[in-house]
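**Student:** This structure is in structure tokens; I'll ask about it shortly.
The values are calculated or read from the model by the stated rules, or taken from the named source; none is laboratory data. Owing to the predicted nature of the structure, the values given are computational and were not obtained by experimental measurement. Using ideal geometry, Cβ is built from the backbone for each residue, glycine included, and neighbour counts are taken over all protein chains shown.
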């Protein structure tokens, strides 16, 4: 009986112990879940805000040591850069050659255009100035042979029909170049309303003054210097005139003289000088 009671008590004790152990076992997983859930929450938070990982430096970076492989890589990079620069230089050289060719073409075109302009706007055709070797400083007022249509002196005026002194000579000239007979300075130009029309006067050596009347064009102004043979005007039909011609007159020390004698004297002097230097 005592043994039965003993076993009964032992059974009750074991049952009580098992029940208590079971309660602790049921509590333990719940706590574990909470802890795991908090860990998961922390992991999620860590995932949302990841911390930057520190890069591990190699021993080469720490001690700044260059290996043969690194040197080879650097050499290959330099070769590639040199090749690229060489190609770039070749391209630049070709571009410079093209630019130089374009500049030369433009310069040639400018020169050609300048030549065309020069040909289009060439100056008046001056008669070549006599060379010093023959000392020819005397030129006739016209390039054609001198032909007088009205002489110097008293005459019947061809328009008014009255007797009037003619202080020059009228020469055949059909709108052609008029030349300065000697070196000199232009003293007057303008329009003579008394009948002379367009005119130009030139002073020579402070002694002679030549006048050219009935002009259509005048090429010099007062104060300009001219040489013997310079084209000073173009003959015409201005003023009181029956047709194109050149009126040529001369004064010596302010007094009118016969232009025919003046021209003949100039020719004589010119021929004497020319003959002297020929021999």
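**Student:** So for the stretch 225-248 (the condition being touching a helix residue (DSSP H, G or I) at 6+ places or on another chain (Cβ under 6 Å) and at pLDDT 95 or above), does at least one residue qualify?
**Tutor:** Residues of the stretch 225-248 that are touching a helix residue (DSSP H, G or I) at 6+ places or on another chain (Cβ under 6 Å), as a first pass: 248.
Applying the additional criterion that residues be at pLDDT 95 or above yields 248.
Yes, the conditions are met somewhere in the stretch 225-248.
**Student:** Further, regarding this structure: Would the stretch 229-243 turn up any residue that is touching a strand residue (DSSP E or B) at 6+ places or on another chain (Cβ under 6 Å), within 17 Å of residue 144 (Cα to Cα) and assigned to a loop (DSSP other than H, G, I, E, B)?
**Tutor:** yes
**Student:** Quick check on the stretch 161-173. Is at least one of its residues at pLDDT 95 or above, surrounded by 14 or more Cβ atoms within 10 Å (Cβ to Cβ) and in contact with a helix residue (DSSP H, G or I) (Cβ under 8 Å, 6 or more places away or on another chain)?
**Tutor:** For the stretch 161-173, residues at pLDDT 95 or above, surrounded by 14 or more Cβ atoms within 10 Å (Cβ to Cβ) and in contact with a helix residue (DSSP H, G or I) (Cβ under 8 Å, 6 or more places away or on another chain): present.
**Student:** So residue 206 clears everything in (1) part of a loop (DSSP other than H, G, I, E, B); (2) over 43 Å from the mean Cα position of the chain (by Cα); (3) surrounded by 16 or more Cβ atoms within 10 Å (Cβ to Cβ) except one condition, right? Which one?
**Tutor:** For residue 206, the exception is condition (3).
**Student:** How about the stretch 170-195: which of its residues are farther than 16 Å from residue 227 by Cβ, assigned to a strand (DSSP E or B) and under 40 Å from the mean Cα position of the chain (by Cα)?
**Tutor:** The one that is farther than 16 Å from residue 227 by Cβ, assigned to a strand (DSSP E or B) and under 40 Å from the mean Cα position of the chain (by Cα): 189.
**Student:** What residue, among those in the stretch 257-277 that are in contact with a strand residue (DSSP E or B) (Cβ under 7 Å, 6 or more places away or on another chain) and in contact (Cβ under 8 Å) with a residue 12 or more places away in the chain, is farthest from residue 184 (Cα to Cα)? Lay out the reasoning, then the answer.
**Tutor:** The first filter runs over the stretch 257-277 and keeps only residues in contact with a strand residue (DSSP E or B) (Cβ under 7 Å, 6 or more places away or on another chain), leaving 257, 259-260, 262.
Next, only the ones that are in contact (Cβ under 8 Å) with a residue 12 or more places away in the chain stay: 259-260, 262.
Working: 259: 17, 260: 20, 262: 16 Å.
Result: 260.
**Student:** For the structure I just gave you, tell me whether residue 197 is on the phi > 0 side of the Ramachandran plot and either surrounded by fewer than 15 Cβ atoms within 10 Å (Cβ to Cβ) or touching a strand residue (DSSP E or B) at 6+ places or on another chain (Cβ under 8 Å) (or both). Steps first, answer last, please.
**Tutor:** On the way: on the phi > 0 side of the Ramachandran plot: yes; either surrounded by fewer than 15 Cβ atoms within 10 Å (Cβ to Cβ) or touching a strand residue (DSSP E or B) at 6+ places or on another chain (Cβ under 8 Å) (or both): yes.
For residue 197, the condition - on the phi > 0 side of the Ramachandran plot and either surrounded by fewer than 15 Cβ atoms within 10 Å (Cβ to Cβ) or touching a strand residue (DSSP E or B) at 6+ places or on another chain (Cβ under 8 Å) (or both) - is met.
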